[in-house]
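No value in this document is a laboratory result; all are computed from the given coordinates. On a predicted model such as this, the values are computed, not experimentally measured, just so you know. Virtual Cβ from ideal backbone geometry, glycine too; neighbours counted across all protein chains shown.
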Amino acid sequence: GVGLVTATPEQNDVEYLSPVDIGGQTLNLDFDSGSSDLWVFSSQLSTAATTGHTVYDPNKSQSFALIQGATFSISYGDGSGAAGNVGTDTVNLGGATVTKQAVELATAVSQSFVEDTNNNGLLGLAFSKLNTVKPAQQKTFFDNVMPSLAEPVFTADLKKAAVGSYEFGRVDAAKFTGAMTFVPVNTTQGFWQFTSEKFAVGTGAVQTSVAGSQAIADTGTTLILAEPAVARAYYAQVPNAVNDAQAGGFVFPCNSNLPDLMLDIGGTMAKVSGSDINFAQVDAQNCFGGMQATPANLQIYGDIFFKSNFVAFNGGNSSLGFAPH
Ligand SMILES: NCc1ccc(-c2ccco2)nc1
């Protein structure tokens, strides 16, 4: 259908990359529902920064137009970031097209982006109020394309070590099982944010971590970053799990039989498969948990959550739908 693109995982499902056509040039971008800038590796970057990357060259696009004096500068929770100037061009993903989409051209990127040669930029899908372009803030691709879509939605169908998809304009019932639950989203901070205060470990009792605790649905974050109470209670049920400062969080024997994790999304429990919480090997015996404690007071439900849950982002009524897949 119109607006359907693949989402291909990198090694260890660290991030997912999707092909986007910008002024006739195709770049693989990381669709990020936790931010609101569409920025790309550009021909203005140093050779050192672009080696191994596909770059967007505005001079090779007939439909590019510079926005005089506009700049962007963004930094992410993992300490990475990018900055540069801004223009508009035709952006087409899987047939869903915006003719004058703000495209932010990096003139500087952090080392972690330089080293991630599969990643040629980010396509932000949070709310436009988080966009960093100055002096005039710009709209996200989703905000711009929404009026032309059959339904004002996009969906994320991310899989463990397999190619999934993002789709704009419809919720494909063939992509999930059972009923889809929709919950209202609090857009105040510009995220796809909802209340998530309850959890359960395996078939254990549902308990409250922190009354009123909030979470965001973030396809641009690899792991689930949950309340410390959730992480402590979960790993207490995993023999020989330890919180290892050197590894950067909870680790456990790779052959552990991990319990499922239940998290509430606006009051309805969603399941995260225990097998998805075995994220990556860190040494001969131990593996790193796909759910870790967040240092902040906002939980981040990243790709590990999406591997068990098909998610629909409804920009028409600011709601989030989720269902097992
Ligand atoms: N949560 C936004 C985000 C996404 C990707 C990245 C990243 C860093 C290096 C490669 O990718 N950083 C932050």
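Quick look at the values:
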{"quantity": "Full-extension gain in nm, Gln111 to Ala236, via 0.36 nm per residue minus C-alpha separation", "calculated": "41.4 nm"}
{"quantity": "Förster radius 22 Å - calculated FRET efficiency between Val210 and Ser318 (Cβ-Cβ, nearest 0.05)", "calculated": "0.40"}
{"quantity": "Label-point separation, Asn118 to Thr47 (7 Å along Cα→Cβ), nm", "calculated": "2.8"}
{"quantity": "Inter-centroid distance (Cα atoms) of the range 190-260 relative to the range 17-33, Å", "calculated": "31"}
{"quantity": "For the chain, share of DSSP beta bridges that run antiparallel, in % to the nearest 5", "calculated": "85"}
{"quantity": "Distance (nanometres) between label positions extended 7 Å along Cα→Cβ at Asp78 and Lys271", "calculated": "2.9"}
{"quantity": "Dipole of the chain, positive direction: furthest Cα of Asn286, Thr90, Leu261, with charges on the beta-carbon", "calculated": "Thr90"}
{"quantity": "Semi-axis lengths, Å, the chain, gyration tensor of Cα atoms, sqrt of 5 times eigenvalues", "calculated": "34, 22, 17"}
